[in-house]
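Colleague: Sharing a structure, written as structure tokens. Questions coming.
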Amino acid sequence: MQEGKLPISKLMPLDLEHSFLAYLSACETAKGDLVEPDQTVHLAATMLFTGFKSVIGTMWYVDPTLIMCGILLMECDRLMRDDDGPTVAKVVYKQLFSQDSENLALDPDDVPYALDDAVRKLRETGCPPHRWAAFIHLGV
């Protein structure tokens with residue numbers, strides 16, 4: 001954003017009760033902060049509070065100290081892949097909009113299944129769990 005960070009306090013007063021799907025493909029959109037990691041207030045939850053019915057977010061985070069300790073035995077550049085987000089989004093949107101062209105309304109029941117299908121496709125390519133497990137669905 002041009003003005004800097006977008007605090008949750010600016011989003012909470014918004015009345016978006018007719019909003020349906022928020023697809024948040026940026027890193028860590030469904031992850032708490034370091035100060036209060038056990039709290040459920042994050043961007044994805046905020047989208048639910050403002051009125052979105054379904055939210056897809058990510059929890060992409062790998063503690064660099066785990067890499068240094070050798071717990072994660074892989075190269076650093078393979079921990080997160082920038083092409084995972086677009087791959088998942090493409091599958092999700094393709095599935096959501098592949099329904100009958102006469103019915104333009106999205107079915108809320110289709111969102112988690114579309115995400116599940118996208119994650120399954122990542123798993124089938126041999127993608128390690130720390131990459132495909134980052135994608136989550138919140139809401140109906």
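The values are calculated or read from the model by the stated rules, or taken from the named source; none is laboratory data. Keep in mind that what you see is a predicted model, and the values were worked out from it rather than measured. Just the protein is used for accessible areas: all its heavy atoms, side chains included, with ligands, DNA and RNA removed. Shrake-Rupley method; radii C 1.70, N 1.55, O 1.52, S 1.80 Å.
Colleague: Within the stretch 1-52, restricting attention to residues that are polar (S, T, N, Q) and open to solvent by 40 Å² or more (accessible area, probe 1.4 Å), which residue is modelled with the lowest pLDDT?
Modeller: Among residues in the stretch 1-52 that are polar (S, T, N, Q) and open to solvent by 40 Å² or more (accessible area, probe 1.4 Å), the one modelled with the lowest pLDDT is GLN39.
Colleague: Would you check which residues across the stretch 76-95 are within 16 Å of the chain's Cα centre (by Cα) and at pLDDT 80 or above and list them?
Modeller: Within the stretch 76-95, ASP84, GLY85, PRO86, THR87, VAL88, ALA89, LYS90, VAL91, VAL92, TYR93 qualify.
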